[in-house]
Amino acid sequence: MKNNHGLVVGISESATVDPNGEKFSCDPGFIATHGHTCLPFLWQNGTITQLPLLGGNNGFATGINNSGQAVGWAETALHDPSCVLPQVLQFQAVLWGPGTHQKRVLPPFPGDSTSAATAINDAGEVVGISGDCGNAVGAFSARHALLWEKGRPMKLPTLGGKGWNTPMAINNAGAVVGFSDLAAM
């Protein structure tokens, strides 16, 4: 993602082999990691800077606003029993910035073990997902669609499905778009 000032965030495969053998969020159908870790980055003025992790080995930056605040998710050091192998570590939504070394965890919805932020607007409102760890690519890790205001998670309405409830963008007026699974018939 890119903001109006030319700041870009994303995910990049590193040269470091993942010690847990995880594929994390960057591998399934996105970029082949060859067993290496995937790291969130900020690109500014031709320089790439790794964004800080949360104690685990992987992270993913998905959005940035015009104030230089970025969002995404990163693994913690906690082994989460709701993960599906090869994923073993919990991940949490992160708000980075506006400085490159600043980070703040955005908690999951109460009762969920993981969260991931997908987008942020210029007012600092963040949207994302919350649920079980799963395999770190959606499905039941997206049990709940969330809006974080001032760091507090609030459920967004969905179409009733048990997974894949994912807000992908929020504009400066607070309108949210994304996708949702339908309730079983």
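The values are calculated or read from the model by the stated rules, or taken from the named source; none is laboratory data. Only a predicted model underlies this, so the values are computations on that prediction, with no experimental measurement involved. A quick note on method: Cβ atoms are made from the backbone with ideal geometry, for glycine too, and the neighbour counts reach across all protein chains shown. For accessibility, only protein heavy atoms count, side chains too; no ligands or nucleic acids. Shrake-Rupley method; radii C 1.70, N 1.55, O 1.52, S 1.80 Å.
Observations, loosely collected:
- Between Trp96, Thr16, Cys133, the Cα set farthest toward the positive side of the dipole of the chain (charges on each charged residue's Cβ, about the Cα centre) is that of Trp96.
- Cα gyration tensor shape for region 81-185, rounded if a/c is under 1.5, else prolate or oblate: oblate
- Of (1) 51, 41, 26; (2) 57, 40, 28; (3) 41, 36, 27, the label for Cα extents along the principal axes in Å derived from the coordinates: (1)
- Loop-located chymotrypsin sites (Phe, Trp or Tyr not before Pro) in region 91-185 whose Cβ has at most 16 other Cβ within 10 Å (DSSP): none
- Fraction of beta bridges assigned by DSSP in the chain that are antiparallel (%, nearest 5): 95 percent
- Applying both filters, DSSP loop and at most 10 other Cβ atoms within 10 Å, to the trypsin sites (Lys or Arg not before Pro) of region 127-185 gives Lys150.
- These residues, Asp18, Asp181, Asp112, go from largest to smallest accessible area, 1.4 Å probe, as Asp181, Asp112, Asp18.
- For the chain, the Cβ-based charge dipole about the Cα centre amounts to some 340 debye (Lys, Arg positive; Asp, Glu negative; other atoms uncharged).
- Seen from Ser130, the other residues with C-beta closer than 9 Å to its C-beta sum to a net charge of +1, counting Lys and Arg as +1 and Asp and Glu as -1.
- Using the 1.4 Å probe convention, the accessible area of the chain works out to 48 Å² per residue with neighbouring protein chains retained.
- Dipole magnitude for region 87-161: computed about the Cα centre from +1 point charges on Lys and Arg Cβ and -1 point charges on Asp and Glu Cβ, it is near 120 debye.
- Length gained when the stretch His79-Asn66 is fully extended (0.36 nm per residue, less Cα-Cα span): 1.2 nm
- Carbon/sulfur fraction of accessible area - region 1-150, other protein chains in place, 1.4 Å, %: 57 percent
- Prolate/oblate/rounded label for region 128-167 (Cα gyration tensor, a/c 1.5): oblate
- Local electrostatic count at Asp181 - Lys and Arg +1, Asp and Glu -1, tallied over other residues with Cβ under 14 Å: +2
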